[in-house]
Amino acid sequence: MAIAGLPADYSPPASTSKLTPLAKGSLIAAGPAFLAHLHVTKLHDGDHKKYDHATAAARAAAAPLSNGVEDDLGVGEESEDEALLSLDPKEWKKQDQYRVLGLSHLRWRATPAQIKVAHRKKVLRHHPDKKASDKAETAVASALGLNINTNDDAFFKCIQKAHEVLTNSERRRQFDSVDPQFLEEIDDVPTEKEFKSKNPPPFLPSFAPIFERESRFSKTQPTPGLAVPTSADVPLRDRDPNDIEGHEFATLKAHVEAFYDFWYNFDSWRSFEWLDKEVNEGSDSRDDKRYTEKKNKSERARRKKEDIARVRGLVDLCLSVDPRIKHIKQHEKEMREAKKAGGANKGGAAGNAAAAAAAKKKEEEEAEKVRKAKEEEEKTEAKKAKAAAANAAKKARRAARAAEEGA
Amino acid sequence: MAPKPTPNGNAAQPAEDAHSNLPAVVGINLGNAYASIAVYTKEGLAECIANENGERQIACAIAFHGEEIYVGNQALPQLIKNAHNTITGFRNLLGKKFSEIDQSTASSSSPIIQHPTESDTPAYKVDILQPAPSPLPTSATTTPAASHAPTPRSEPVPSTRILTPQEATTMFLASLLQSASDFLGKPILGAVITAPPSFTPAQKDALKKAAEDAGVRVLQLLDEASAVLATTTSPQWPHGGEDRTQLVVDVGASSLSLSVIALRAGLGHPIGSRTSSNTANIGGDALSSLLVKHFAKEFTKKTKTELPQPPSSKEDIRATTKLLLALEYTKRTSSASASPASLSVESLHSGVDFTATIARMRFDLLAAPVYTAVSSEIKSLLESISLDPHDIDEITYVGGTACLPGLDGHLLSSVGFNEEVQTAFSTSTMGSGAIGDPTGVLSIGCALQAALLLRVQEESPELIEAFEQTEQVETIARTIGMIFPGGADAHGLGGTYIPALYKYTPLPARRIHEVEVTLSGGEGDKATKFGFEVWEVEEGIKVEKAIPLKSDSQDDDEDEEDEEEEIKIKTTTKRGFLGAVLGETKGTAVKDKANKGAYTAVLQIEFTLGLDGSLHVEARSNGEKVGELEIQP
């Protein structure tokens, strides 16, 4: 009910009085209102506007953290193309489980909570019950002879399979080990040749992402990154591509040593059970089963070995072209020489110049040596490659012979 | 050969345990006779929980029987046959010196003695059986020669144990904490425990130490009024956020504490309080002894077996204790339902069983002295702070005895509260662990406070100290209200009166009132003007004598009460004019036919009372400022 309006002849009383003097009192130290009172009086000088401002800011800051009804934890929406929707649930092992759940932007980084959210979203859209409700529309289409399978729950089955895989931590790791996107990425590795060429690719931007993506398999987390950590958060592309400038020598050396130490002793959980051949369901022959199991086991071991060799090759390559190693060696030598020179003749410009000249000469020698060492290394690499090729050829021959015999 | 690590890696990684975001805190109401615990349940609400024996009210008792130790309600039956090894009432002895303890009232439990080694320290001495010493370790080499060592005894060894009240409290709290962490399934991060306001700092320290020895971090020791406040201002409480005046009636086993608190937007400002203990006819124990007398008489009448009260012989004491324990259930039944409560004790005295029932009417008649004692205490408290019972908006009952509907009825009729006063009975939040249940109010408040303190510690640790001391504030001495001239006049103030800031509102304060007003100053959409006055008012009570209307049919009944009935009416008188807010705003046309052509607007009127005592009134319409008033102190 609205209150009646002011009378037409209204005029407020002329004399005003002050507030009655305030009384003293105390407050009981309990309850959320008391906390709010403390906030207003102690932190915001009793000003409600300041308090409102601060609480609004705090709420805004906390909003993304608190998962309300609408918050999907950053799962988002992904487009579903025809190829994805026509996936065959029988071929579930070959499907990209993350793509099916619409998590391909997160992949191995997706948390269990995000997987749950993503699954729910997909189920809401693709549940067979939902499809059935669209029947009326599609009935017309099918009457016209168009082939629209209304009862097709194939993609829903794919979703369920993907959810099953990704919610079981062990099976998820098995899938992550052979994640198709990762397999694509590891083909894209700079070769030694590129670094040998006249204008080699920048060191840091080409190697940092490689180690970044390999680090997901490490049993010990977090892993040391290639770049020397800095206090300021500088994006990778703005940094010195050789990652030498702007670091203290001691920290640089310590980090580089720790980095190579870690990656040469890399302890990976990557495994290849996912690629196992299925035991033929039809046969109950124990021998068959054992044979396949044995085959799978040796295949897993072979793949693991290959993977270890691959990572090692990467680290080798990185080490061989790391400008920081050169820098460290040179710097240490200079220090040694400066010390020696300092001991031989104390002061004296001539002495200094001589020392500098000597240092320069040494540097040249050093460079020569490095080059020679590299050549040597290359030679051995080539030799190795040759041997490997020979080996492979031998293997192929043997396989062919085996096949012949089998036939 | 040692097994080689499999070369193809291992996909197994330690599973992360799920973290739930409920605060792992416990609120403990530690009374002298009974305790209760509250935690956050899965629904995210603080609730008083039952321990593993299914008891929500846990007796503060510890009994030693041979190798066994009983804690809680299981210890109570031990009072019958094993009284000298049963410890009760240890909370009130916390932190007290032996010489300070009043030994005059005989207790049925283990006597308090002087600690044998520590000077001036009270202690309990209980007989226990120590577990049998473990058999001697057999020698490594098996030898046919007989051992020289005597064969170890396989029976437990009788011995005595000296317990200080503090150690007893630690044992008891540890069992409460165990129940709470079993319920939550995770370790407890912190606890808030009640401590009566009568506790000295030494006693509070002793309680804190006892709790810390029990293995929990004490976030705060809360007095009862504060714990009640925490519960009654929470969103779980009906009308929790409203401004009101509250009377807390805490009827303990042996004490009564009353406090009147002005609740202003969740802030509690105590207006007056009173604690009386060891007074005649106060508390649950007094009620029990009245009932014991009644039933003892009944027993003698029924069975011709003497059960003198007060008991003198050992057997009489035992019978009385049995009766007391059985009465506990009678009292609870009487609180819970209107049907007659039964009492039955097997072999009460000289092998004679006793069964009786008591109707609620009879029960209330017996308990009348206790009820009267409570109501007279309330009357004298209200008189001492010159507050009319009519001004109390809510009564909050605390303690098991306050569960009795008879007490509520007696207080409402004899003290003279107004008819709309809110109690746990009127809002039907009584019983079975509901929020208003007098037995759970304190522990729920403690749990709420514990969760709050845990959050404060994380977010702004600099404020945590303020929770330890009482905060001194200034409050306004008179109610400030708005008067809309020309409006319907219910209070005789020359307009519609809307209270804005009630008396005792602490500074700083802010209230926003939404008011729909009819605009004036022209016809149709030209009407844009609104206005109201801001006044200081004084609220009072007018007592009118009225002769009750006689209805012809009930003439016989009415003859006796020809007295005039007192009718209390709240009055409001203007005291000081602070200013007027006049403004203009655009309104919307009224839909209904009676007021066709009128325009109304919804105003948000914000009253802000600064720390310096300045009052700022701002009227807004659709987020736009349309009028304001500033009053300097």
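Remark: mean inter-chain Cβ contacts per residue of B:503-515 equal 3, using a 10 Å Cβ-Cβ cutoff to other protein chain atoms.
Relative contact order, percent, of chain B when contacts are C-alpha pairs under 8 Å separated by at least 6 residues? Don't skip to the answer; put the middle values down first.
Details: 1212 pairs, mean separation 67.8, N = 633.
Relative CO of chain B lands at 11 percent.
Quick one: if the Förster radius is 35 Å, what FRET efficiency do A:Arg310 and A:Lys340 give, using the C-beta to C-beta distance and rounding to 0.05? Between A:Arg310 and A:Lys340 the formula returns 0.20.
Listed values for the range B:476-492 are Karplus-derived 3J(HN,Hα) couplings in whole Hz (6.51 cos²θ - 1.76 cosθ + 1.60, θ = phi - 60°), namely 6, 8, 9, 5, 10, x, 10, 10, 9, x, x, x, 4, 10, 9, 10, x, and x replaces Gly and Pro.
May I ask which of A:Lys297/A:Lys395; A:Lys50/B:Lys574; A:Lys93/A:Lys395; A:Lys326/A:Lys361 have a Cα-Cα span longer than 23 Å here? Display every interim value, and only then the final one.
Working: A:Lys297/A:Lys395 19 Å; A:Lys50/B:Lys574 34 Å; A:Lys93/A:Lys395 29 Å; A:Lys326/A:Lys361 16 Å.
Beyond 23 Å: A:Lys50/B:Lys574; A:Lys93/A:Lys395.
Which of rounded, prolate or oblate describes chain A when judged by the alpha-carbon gyration tensor and an a/c cut-off of 1.5?
oblate
Other residues with beta-carbon under 13 Å from the beta-carbon of B:His491 carry, at +1 per Lys or Arg and -1 per Asp or Glu, a net charge of 0. Neighbours of B:His239 by Cβ distance under 14 Å: Lys/Arg scored +1, Asp/Glu scored -1, total -3. What range in chain B is the longest one free of trypsin sites (Lys or Arg not before Pro) that are in a loop by DSSP and have at most 15 other Cβ atoms within 10 angstrom? Maximal segment without exposed cleavage sites: B:305-549.
For helix B:360-384, what angle does its Cα long axis make with the longest principal axis of chain B, in degrees from 0 to 90 and rounded to 10? Roughly 60 degrees, rounded to the nearest 10. Stokes-Einstein diffusion of the range B:240-428 at 10 °C, 1.306 mPa s viscosity, Kirkwood radius from Cα pairs, rounded to a whole number: 89 µm²/s. In plain terms, chain B is cut at each of the GluC sites (Glu not before Pro) found in a DSSP loop with at most 13 other Cβ atoms within 10 Å, and the longest leftover piece is B:119-305.
Just counting partner chain Cβ atoms within 10 Å, what average do the residues of peptide B:224-237 show around their Cβ?
Working: counts 0, 2, 6, 3, 2, 7, 7, 2, 1, 6, 2, 1, 0, 0.
Rounded to a whole number, the mean comes out at 3.
In this structure the amide hydrogen of A:Val189, modeled in the peptide plane, comes within under 5 Å of no amide hydrogen from residues 5 or more places off or on another chain.
The orientation-averaged projection of the convex hull spanning the C-alpha atoms of the protein assembly as shown amounts to 82.7 square nanometres. Across the range A:1-129, the relative contact order, built from alpha-carbon pairs under 8 Å that are at least six residues apart, equals 15 percent. Relative contact order, whole percent, for chain A stands at 10, derived from Cα pairs under 8 Å and 6 or more residues apart. For chain B, the longest principal axis of the Cα atoms and the long axis of helix B:441-459 meet at an angle of about 80 degrees. A simple rule links phi to the HN-Hα coupling: the Karplus curve 6.51 cos²θ - 1.76 cosθ + 1.60 with θ = phi - 60°, which for the range A:90-96 gives 5, 9, 4, 5, 8, 6, 7 Hz, with x for Gly and Pro.
Tell me the trypsin sites (Lys or Arg not before Pro) within the range A:168-217 that lie in a loop according to DSSP and have at most 11 other beta-carbon atoms within 10 Å. Could the numbers behind the result be given before it?
Numbers: sites: A:Arg171, A:Arg172, A:Arg173, A:Lys193, A:Lys196, A:Lys198, A:Arg213, A:Arg216; in loops: A:Lys198.
Here the sparse-neighbourhood loop sites are A:Lys198.
Between B:Thr427 and A:Ala61, the distance separating the two model label sites (each 7 Å from Cα on the Cα→Cβ line) works out to 3.4 nm. For B:Ala424, the amide hydrogen comes within under 5 Å of the amide hydrogens of B:Tyr397, counting only partners 5 or more places away or on other chains and with H modelled in the peptide plane. Placing unit charges on each Cβ (+1 for Lys and Arg, -1 for Asp and Glu) gives the protein assembly as shown a dipole about its Cα centre, and among A:Ala58, B:Ala46, B:Leu267 the Cα reaching farthest toward its positive end belongs to A:Ala58.
Tally Lys/Arg at +1 and Asp/Glu at -1 over every other residue whose Cβ is under 13 Å from the Cβ of B:Thr475; what's the total? If you can, show how the numbers build up before the last one.
Values: positive: A:Lys24, B:Arg264, B:Arg478, B:Lys503; negative: B:Asp243, B:Glu471, B:Glu474.
Net charge around B:Thr475: +1.
For chain B, the Cα gyration tensor yields ellipsoid semi-axes of 57, 37, 22 Å (square root of five times each eigenvalue, largest first, whole Å). Taking the C-alpha atoms only, the angle from helix B:284-303 to the longest principal axis of chain B is near 60 degrees. Remark: mean inter-chain Cβ contacts per residue of B:462-470 equal 4, using a 10 Å Cβ-Cβ cutoff to other protein chain atoms. With the simple model of a label 7 Å out from the Cα in the direction of the Cβ, A:Lys24 to B:Lys542 spans 3.7 nm. Counting only GluC sites (Glu not before Pro) that DSSP places in a loop and that have at most 10 other Cβ atoms within 10 Å, the longest clean stretch of chain A runs over A:78-244.
Quick note: the coordinates plus some simple rules give every number you see, no bench work behind them. Note that the coordinates shown come from a computational prediction; the quantities given were computed from them, not determined experimentally. Counting neighbours? That spans all protein chains shown, and the Cβs are built from the backbone with ideal geometry, glycine included.
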